[in-house]
Amino acid sequence: MRRLATIVAAVVGAGAVASAAAPVASGAVRQYWVAAVPAPTWNMAPNERDAMAGTMLSPSQTVFPTVVFRRYTPHWGHPIRNVPSGSSNQDLIPGPLLRARAGDRLYVHFKNLDTLYKRPHSMHFHGVHYKPSSDGAYLPGVSGRDAEVMPGQSWTYKLTAGHDSVGVWPYHDHSPSMEDSIAGGMYGMLSILGRGQKRPDREFEVVFAPMGDYQTIDGRAFVGNTPVFTSIVGQTIQWDVMAMGSEHHTFHVHGHRWVDRDGRDVDTQTVGPAETFAIRWREEDPGTWLYHCHVESHMMAGMIGTYHVTRR
Ligand SMILES: [Cu+2]
C-alpha cells in the first residue's frame, strides 16, 4: 500500500499554539440535543456467540440494563440515530458524534431522561473551550447544576471549538454517577475539523471499553456483534479511536498502515483512558479485514470486528 495515510491533528494540534489560546469566534453556531435515556436490555453480544472460542453465550451473561446518550431532533422532537448514516451498523453506544469546525460555537442541550436508575447525569467535554458552568464535572460543594442534572431536568453546555480543538475528543458523564455511567456506555466523541479541512467520505467510531466480563467496541463484543464498517475503494476514510475505562488498548487494522504522530508507518497504535486519535487514509485495498485491540486478552474477550471494502 502506498503512503497515502495521514494523521489528523488530534492531540498534536494542542502543542502547536501556546495553550489556553483565545478561541476564534466567527464560525457557525451548532446546536445538538442529547438526552440520557434508559437502554433496559442492552446486549453486548446479540448473536450470543463467542466467535473467538466458538462457544455459545447466554443472555444472562451479555444483557444488562444501562443508560446511554441519545441524540434528538431540534427542540426534543424525536430520538434519532447517534451514528452518522453510512458510518456503522450500530447505534446508541457511543453517544452522538458531535461535529464542528474550528471557530464554531456549540450549544449542547442535555436532558436527563433516566427513568431507569433515576440518577443525576451530566456531559463533560474534552478539547474545547468553555466556562466552568459548562464543565459538567461534579465536585461536592464546588460544582453547580451543570454537573448534576437531575432526572427530568436539562442543561445547555456552551462550548467553543478553537484552533487547538482540531481532532477527535471524548465527552462523558462526569456527574456523581460517572463510574456506573461510563461502565454502562455513557460516552461519545467530538469530531472537529480545521477551517478548510475536507471531511472524510466515511467516519468510523471505535471506542474500546470493558463492560462486565467482556471487552467491547462501541458496547458490543465479538465479531458478529461489534460494528461492521464499510467503504468503497477510492474513498477517504477516517477512524476516530478512543478508550474509556481503566485500561490501555492497541488499535490494529489488518492489511493497512498509516502514519503516526511521529511520522512513522504503523499498523498498531496505543490509546489509553480518555485518549483519542483520528487516522485517515485513501482506501485502495478491497476485501474483508479485521480490526481489533491487539492486547491479546482483550481480543479474546470480544474486542474485535470486521471492516469491508468493496470495489466501486
Ligand atoms: Cu484492549
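The values are calculated or read from the model by the stated rules, or taken from the named source; none is laboratory data. These numbers were taken from a predicted model, which means no experiment stands behind them. Cβ placement follows ideal geometry from the backbone for every residue including glycine, while neighbour counts extend to all protein chains displayed. For accessibility, only protein heavy atoms count, side chains too; no ligands or nucleic acids. Shrake-Rupley method; radii C 1.70, N 1.55, O 1.52, S 1.80 Å.
Quick notes on this structure:
- Just one of the listed residues (G219, G245, G272, G212) is closer than 29 Å to E148 by Cα, open to solvent by 10 Å² or more (accessible area, probe 1.4 Å) and within 16 Å of the chain's Cα centre (by Cα), namely G245.
- Count of the stretch 78-136 residues which are free of Cβ contacts under 8 Å to residues at least 40 places away in the same chain and surrounded by fewer than 21 Cβ atoms within 10 Å (Cβ to Cβ): 11
- Any hit, the stretch 169-178, residues being modelled with pLDDT of 95 or more and under 27 Å from P286 (Cα atoms): no
- Test: residue in the stretch 148-155 that is open to solvent by 20 Å² or more (accessible area, probe 1.4 Å), at positive phi and not in a strand (DSSP E or B): yes
- Residue in the stretch 239-253 that is in contact (Cβ under 8 Å) with a residue 12 or more places away in the chain, more than 16 Å from the ligand (Cβ to nearest atom) and over 24 Å from P170 (Cβ atoms) present: no
- Any hit, the stretch 228-238, residues being within 16 Å of the ligand (Cβ to nearest atom) and crowded, with 22+ Cβ neighbours inside 10 Å: no
Here's the yes/no breakdown for (1) within 20 Å of N89 (Cβ to Cβ); (2) polar (S, T, N, Q); (3) not in a strand (DSSP E or B):
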{"site": "Q238", "(1), (2), (3)": "yes, yes, no"}
{"site": "H252", "(1), (2), (3)": "no, no, no"}
{"site": "L290", "(1), (2), (3)": "yes, no, no"}
{"site": "M299", "(1), (2), (3)": "no, no, yes"}
{"site": "T306", "(1), (2), (3)": "yes, yes, no"}
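- Listed by first and then second residue, the pairs linking a residue in the stretch 209-232 that is more than 15 Å from A243 (Cβ to Cβ) to a residue that is outside any strand (DSSP E or B) and of a type in the set (K, R), with Cβ atoms under 6 Å apart and 6 or more places separating them unless they lie on different chains, are I232/R312.
- A Cβ distance below 7 Å, combined with a sequence gap of six or more or placement on separate chains, defines the contacts here; from the stretch 279-305, residues that are farther than 12 Å from F208 by Cα reach residues that are charged (D, E, K, R) and away from the ligand (no atom under 16 Å from the Cβ) in the pairs P286/R311.
- I192 meets all of the listed conditions (1) more than 21 Å from G245 (Cβ to Cβ); (2) under 19 Å from the mean Cα position of the chain (by Cα); (3) part of a loop (DSSP other than H, G, I, E, B); (4) not charged (D, E, K, R) but one, namely (3).
- The stretch 275-298, residues that are open to solvent by less than 20 Å² (accessible area, probe 1.4 Å) and not aliphatic (A, V, I, L, M): T276, F277, W281, E283, Y291, H292, C293, H298
- Scanning the stretch 156-177 for residues that are under 23 Å from G245 (Cα atoms), open to solvent by 10 Å² or more (accessible area, probe 1.4 Å) and part of a strand (DSSP E or B) yields W169, H172.
- Failed criterion for E203 (all others in (1) within 16 Å of the ligand (Cβ to nearest atom); (2) of a type in the set (D, E, K, R); (3) crowded, with 24+ Cβ neighbours inside 10 Å hold): (1)
- Hits in the stretch 40-49 (condition: of a type outside the set (S, T, N, Q), under 26 Å from L290 (Cβ atoms) and open to solvent by 20 Å² or more (accessible area, probe 1.4 Å)): P46, E48, R49
- Meets criteria (open to solvent by less than 40 Å² (accessible area, probe 1.4 Å), within 11 Å of the ligand (Cβ to nearest atom) and over 19 Å from the mean Cα position of the chain (by Cα)) for A301: yes
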